[in-house]
Amino acid sequence: MTSIVSLLAGSTGFLGNEILKELGKEEGSIFALSRRRVPNLPSNAKELIIDFNNLPEELNLQNIDHLYLSLGQALYFHNVMGLMSESLKKEFYLVDFTYQFQIAKNAKEAGVKNISLVSAVGANPNSWNYYLKTKGLLEEEIVKLDFETTNIFRPGHLTGNKFRFDVFLADIFSFFADPFLFGPLKKFRSISIKKLPKAIMRHSQSSKPGINYFDFKDFK
């Protein structure tokens with residue numbers, strides 16, 4: 001059986017590093033793409049530290065089987081809820097849209113067939129919320145690239161970041177609000193940082209060709 005070669009963009013982030021740990025449990029090799037040294041690097045992973053402002057020149061995606069996109073600008077909870085300054089909007093768009101789209105475009109041109117994108121529940125290119133609008137715009141552009149398999153994961157609030165007070169407060173809010181989110185609102189429930197990466201691995205490795213969307217119901 002041919003060994004799978006994966007590339008993960010966003011290896012140092014809150015979610016990205018957990019995805020890296022899960023990838024490290026699988027057979028195959030990993031390239032961990034980042035702007036700085038990657039903590040908890042698995043034995044089957046290799047760091048690719050690059051300048052993201054020079055992606056076309058520095059990024060070589062030959063012989064990659066699966067691209068995982070989990071890059072993200074550091075945000076506070078109120079930013080995610082739509083409150084961003086103009087300067088933060090520019091930084092957020094650069095990281096979450098421009099960088100990720102450029103990596104995906106390079107991957108497509110290099111012959112990569114499979115992509116898994118971590119987006120967000122409520123992603124919509126027409127949303128008034130700049131965070132959700134940007135996520136929706138990226139989803140649209142990734143789909144247009146027409147990979148053989150495109151997996152788009154739309155989690156709600158990620159619980160479990162003990163080092164962020166605003167996230168801790170959001171965790172408490174989610175604990176009380178989640179039971180009241182059912183029917184079409186169930187997809188907005190929060191998901192543990194420990195559960196989501198496992199679900200991403202499970203569905204990425206078993207998903208059918210085409211465009212596949214995953215939300216809370218798929219993260220159990």
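The values are calculated or read from the model by the stated rules, or taken from the named source; none is laboratory data. This structure is a prediction, so every number in the text was calculated from the model and none was measured. All Cβ positions, glycine included, derive from the backbone under ideal geometry; neighbour counts span all protein chains shown.
Considering only residues of the stretch 45-60 that are in a loop (DSSP other than H, G, I, E, B) and out of contact with any Lys or Arg (no Cβ under 9 Å at 6 or more places or on another chain), which is farthest from F163 (Cα to Cα)?
Among residues in the stretch 45-60 that are in a loop (DSSP other than H, G, I, E, B) and out of contact with any Lys or Arg (no Cβ under 9 Å at 6 or more places or on another chain), the one farthest from F163 (Cα to Cα) is N60.
Has the stretch 66-85 got at least one residue that is part of a strand (DSSP E or B), over 20 Å from D166 (Cβ atoms) and in contact with a Ser or Thr (Cβ under 6 Å, 6 or more places away or on another chain)? Break it down into steps so the answer makes sense when it comes.
Keep residues of the stretch 66-85 that are part of a strand (DSSP E or B), which gives 66-69.
Add one more test, that the residue is over 20 Å from D166 (Cβ atoms), and what stays is 66-69.
Filter once more, so that each one left must be in contact with a Ser or Thr (Cβ under 6 Å, 6 or more places away or on another chain): 66, 68.
Checked against the condition, which is being part of a strand (DSSP E or B), over 20 Å from D166 (Cβ atoms) and in contact with a Ser or Thr (Cβ under 6 Å, 6 or more places away or on another chain), the stretch 66-85 yields at least one hit.
List every residue pair whose Cβ atoms lie under 9 Å apart, where the two residues are 6 or more positions apart in sequence or sit on different chains, the first residue falls within the stretch 57-71 and is farther than 20 Å from S119 by Cα and free of Cβ contacts under 8 Å to residues at least 12 places away in the same chain, and the second residue, located anywhere, is acidic (D, E) and surrounded by fewer than 23 Cβ atoms within 10 Å (Cβ to Cβ).
Taking only residues 6 or more apart or on different chains, the pairs are E57/D51; E58/D51.
Yes or no: L138 in a helix (DSSP H, G or I), under 20 Å from the mean Cα position of the chain (by Cα) and in contact (Cβ under 8 Å) with a residue 40 or more places away in the chain? Walk me through it before giving the result.
Numbers: in a helix (DSSP H, G or I): yes; under 20 Å from the mean Cα position of the chain (by Cα): yes; in contact (Cβ under 8 Å) with a residue 40 or more places away in the chain: yes.
Yes: the conditions hold for L138.
Checking the structure you have, find out if any residue of the stretch 35-53 is under 13 Å from the mean Cα position of the chain (by Cα), at pLDDT below 90 and either crowded, with 19+ Cβ neighbours inside 10 Å or on the phi < 0 side of the Ramachandran plot (or both). Don't jump to the end; show me each part of the working.
The first filter runs over the stretch 35-53 and keeps only residues under 13 Å from the mean Cα position of the chain (by Cα), leaving none.
Among the residues of the stretch 35-53, not one is under 13 Å from the mean Cα position of the chain (by Cα), at pLDDT below 90 and either crowded, with 19+ Cβ neighbours inside 10 Å or on the phi < 0 side of the Ramachandran plot (or both), which makes the answer no.
Can you pull out every residue in the stretch 1-55 that is acidic (D, E) and over 22 Å from K113 (Cβ atoms)?
E18, E47, D51
With S87, S70 as the choices, which residue is of a type in the set (G, A, S) and over 15 Å from the mean Cα position of the chain (by Cα)?
On inspection, the qualifying residue turns out to be S87.
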